[in-house]
Amino acid sequence: MTDTPWKQDGWFTSPWNFDPEVTKDWKFPNNIRIHDVTLRDGEQQAGLAYNYDDKIRIAEGLAEIGVQRLEAGMPVVSKDDAKVVTELARRDFGPKVYSFARCMVDDVKRAVDAGVNGVIMEVPASPHLIEKGYRWELDRAIDLSIESTSFARDQGLEVVFFPIDFTRSDLVWVCDLIERVGKEGHMDGLALVDTMGATSIHAMQFFVRTMKNRFPDIPLEAHFHMDFGMGIANTIMALSEGVEVIQSTVLGVGERAGNVPMEETVMALKCLYNIDIGIKTEGFKKLADMVAEISNIQIASNRPIVGDNLFKVESGIIATWLLNCGYEDQTEVVPFRPSLVGQDEPEAVMGKGSGIDNCKHWLDKFQIQASEEQAMEVLMAVKDWGLIHKRLMTDNEFSSLAKDVLEN
């Protein structure tokens, strides 16, 4: 760790993040990995449908930025899904390829046929969901898990056991389920699954510590959702307690409010904790734009990390900071350099909230001569324009308006 991990060339965050009182209990593992689930859980977002070519493009984009593991899909869902999983498993393009399966032997057979490295094996794990959602006897979930995970192990697959609705289960019952599967079946890893995004940060710490104490030899993975906006914070809390794998999606696409977004989680680790997990963050904007296009969704202009307007400065006082600081000291104005995530450089823009320094900067940009009084007249006209149009001005709109003001 450097002397000032909060202030590097690429970012400037709070020094309090690294106060000894803050860091004393950190247990971050040395090899945190991304397990991307965009092609499977991400596609479960209502209205999303990825065809074969879409999934190949997304997978290639994920490989390009260095994602370590990729959940290619669930072969049993359709012939197209099986084809994608098989094709990605065949490639030697970087990430280890996993498929998703129910705890059923037939599902595992499809994973074996696809040639994947490993399988994420789901089973309902809260008694209320088993009884009400599945209408099973409780023992059925246990028996299926033992049988199918044993079969997967015998086929040479790496097995990550994935208990659905883990965090709303009875703790004693679900721990007994996991213990039996570990002893009588098989698991190489255990996913801590917050299916409904219904766990607080403080409860997450308790949850992870409980699992680490009960199952100290089983590597843990974090699979959380964003229903209360807590998924990123919960993921980082889990990592700080020793969880090794982040299950996430590009842009946080996924069921209901979505999965944990990879971009925000990776950047928080990098800039707030000085933990680099080997992801090429410079590719985030390009990847996010591609996934948004394929998914037919719009990225909010102020979305963290990849929003189009993140580095556009309209507010007058902030624009003054930006213009005074210049490129060298731009992290006085933004917490990280836009180049770190593939974004364009910060710019002072013109709109209703702009100040006189924005206006002078734009007048200079177009080589328009104006006195202080004239510059203020142009600025007032810009503000009126902004109230009418409720958006930022384009270059041509500003140039035309400024000339009209100065000529009249």
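The values are calculated or read from the model by the stated rules, or taken from the named source; none is laboratory data. What you see is a predicted model; the values in this text were computed from it and never measured. With ideal geometry, Cβ positions are generated from the backbone for all residues, glycine too; neighbour counts draw on all protein chains shown.
Taking the residues in the range 355-392 that are among the polar types (S, T, N, Q) and assigned to a helix (DSSP H, G or I) as candidates, determine which candidate is surrounded by the most Cβ atoms within 10 Å (Cβ to Cβ). Among residues in the range 355-392 that are among the polar types (S, T, N, Q) and assigned to a helix (DSSP H, G or I), the one surrounded by the most Cβ atoms within 10 Å (Cβ to Cβ) is ASN358. Across the range 110-137, the qualifying residues are those that are assigned to a helix (DSSP H, G or I) and free of Cβ contacts under 8 Å to residues at least 12 places away in the same chain, and the one among them that is surrounded by the fewest Cβ atoms within 10 Å (Cβ to Cβ) is LYS132.
Residues that are part of a helix (DSSP H, G or I), of a type in the set (Phe, Trp, Tyr) and in contact with a helix residue (DSSP H, G or I) (Cβ under 7 Å, 6 or more places away or on another chain) within the range 1-34 comprise just one, TRP16. Counting only residues that are in contact (Cβ under 8 Å) with a residue 40 or more places away in the chain and either hydroxyl-bearing (Ser, Thr, Tyr) or over 11 Å from ILE120 (Cβ atoms) (or both), the range 145-155 holds 6 of them. The residues on offer are HIS186, HIS202, and the sole one that is assigned to a loop (DSSP other than H, G, I, E, B), surrounded by fewer than 22 Cβ atoms within 10 Å (Cβ to Cβ) and either in the same structural domain as ALA63 (by TED's automatic domain parsing) or modelled with pLDDT of 95 or more (or both) is HIS186. Within the span defined as the range 338-349, one or more residues are more than 29 Å from GLU372 (Cα to Cα) and of a type in the set (Ser, Thr, Tyr).
Listed by first and then second residue, the pairs with beta-carbon distance under 8 Å, at least 6 apart or on different chains, first residue in the range 288-303 and within 15 Å of ARG57 (Cα to Cα) and without any contact (Cβ under 8 Å) to a residue 60 or more places away in the chain, second buried (at least 17 other Cβ atoms within 10 Å of the Cβ) and charged (D, E, K, R), are ALA288/GLU263.
Results for (1) within 30 Å of GLN8 (Cα to Cα); (2) small (Gly, Ala, Ser); (3) at pLDDT 95 or above, shown as yes or no for each residue.
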position	(1), (2), (3)
GLU328	yes, no, no
LYS383	no, no, yes
ARG391	no, no, yes
ALA402	no, yes, yes
GLU407	no, no, no
